[in-house]
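To start, the structure under review is shown below, and the notes come after it.
The values are calculated or read from the model by the stated rules, or taken from the named source; none is laboratory data. From a predicted model like this one, the values you see are computed outputs, not experimental measurements. Note: ideal-geometry Cβ built from the backbone for every residue, glycine included; neighbour counts use all protein chains shown. For the accessible areas, the whole protein counts, side chains as well, though only heavy atoms, and no ligand, DNA or RNA atoms are used. Shrake-Rupley method; radii C 1.70, N 1.55, O 1.52, S 1.80 Å.
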Amino acid sequence: MLAFIDESGDTGLRTDEGASRFFVVVMVLFEDHEEALRCDQRISLLRAELGYADRFELHFRENSDRQRKRFLEAVAPYDFQYFGFALNKGSEKLWGPGFEHKASLYKFTCGIVFENAKPYLTDAIVVLDESGTDTFRSQLSKYLGRRMTTAGGMRLIKKIKMQRSAGNNLLQLADYVAGVVSRKVQRKKKEAAEHYRYIAAKEVMLRVWPE
């Protein structure tokens with residue numbers, strides 16, 4: 001079992017001064033390593049089809065709408081699931097001193113994603129984006145490290161790995177899913193619904209809080 005985790009948005013609370021309204025974390029889960037490899041290879045092939053070098057990073061925010069559709073069409077046939085949590089920082093219901101600190105906000109958001117995915121995890125290898133923010137990596141690693149087994153001794157997480165997204169196609173997939181989820185919950189971009197339909201069937205749980 002392989003899990004890839006990425007984020008979209010920022011942790012700033014001043015949404016009236018340019019901070020994103022939502023901070024989104026997603027976990028993309030492959031139960032079968034061979035299926036993950038096939039999806040990985042398809043993304044490499046897509047990169048070649050688009051005329052990019054082998055190390056070119058496909059990134060949802062930076063790609064064009066045409067590239068986004070090609071990516072989502074390419075990965076849609078593969079068997080993976082995802083869990084997402086969107087923290088609505090623009091809600092008046094979000095309050096408490098803990099949310100004023102980045103580390104606490106990261107820990108809370110990552111914790112929700114993990115708890116939602118927990119019943120589906122068995123001996124998972126979890127891959128985090130090495131090029132993500134230091135706070136995100138640190139908080140998520142600590143959180144997962146303390147929860148690698150259940151109270152009954154069942155191992156949920158076998159290993160936690162850090163890799164650069166530029167060299168990992170499936171971290172780029174997690175970035176894409178996070179980007180699609182972010183646009184879906186914002187309900188702003190006209191393409192959001194079209195992008196979401198490619199991954200809607202793969203959604204196990206997507207929570208938005210506060211609503």
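For Val127, nonlocal amide neighbours, meaning residues 5 or more places apart or on other chains whose placed amide H falls under 5 Å from its own, are Ala3, Phe4, Ile5, Lys161. For the modelled label position 7 Å from the Cα of Glu49 along Cα-to-Cβ, which residues of region 163-192 have backbone nitrogen atoms closer than 16 Å? Flagged as within label range: 173. Mean silhouette area of the chain, derived from the convex hull of its C-alpha atoms and averaged over all directions, reads 11.6 nm².
Solvent-accessible surface of the chain, taken per residue with a 1.4 Å probe and all protein chains present: 50 Å².
Given the Cα-Cα distance of Gln41 and Phe56 and 0.36 nm per residue of separation, how much length would full extension add, in nm?
Between Gln41 and Phe56, full extension yields 4.0 nm more.
Below 8 Å, C-alpha to C-alpha, sequence gap of six or more: please give me the relative contact order for the chain in percent. Over the chain, the number comes to 32 percent. With R₀ fixed at 25 Å, the C-beta to C-beta distance from Ser138 to Asp10 puts the FRET efficiency at about 0.95.
How large, in percent, is the carbon and sulfur part of the accessible surface of the chain at a probe radius of 1.4 Å?
Values: 4870 of 10540 Å².
Whole-percent figure for carbon plus sulfur exposure: 46.
In order along region 37-42, phi translates into HN-Hα couplings of 5, 5, 5, 4, 5, 5 Hz, rounded to whole numbers, per the Karplus curve 6.51 cos²θ - 1.76 cosθ + 1.60 with θ = phi - 60° and x for Gly and Pro.
Within the same chain, lysines fewer than 8 places from Lys158 are excluded, and of the rest, those with a Cα less than 18 Å from its Cα are Lys118, Lys142. Each of the peptides 41-53, 24-36, 111-123, 161-173 was scored by the mean count of other Cβ atoms within 10 Å over its residues; in descending order, highest first, they stand as 24-36, 161-173, 111-123, 41-53. Near Leu156: Cβ cut-off under 12 Å, other residues only, Lys/Arg at +1 and Asp/Glu at -1. The net charge is +4.
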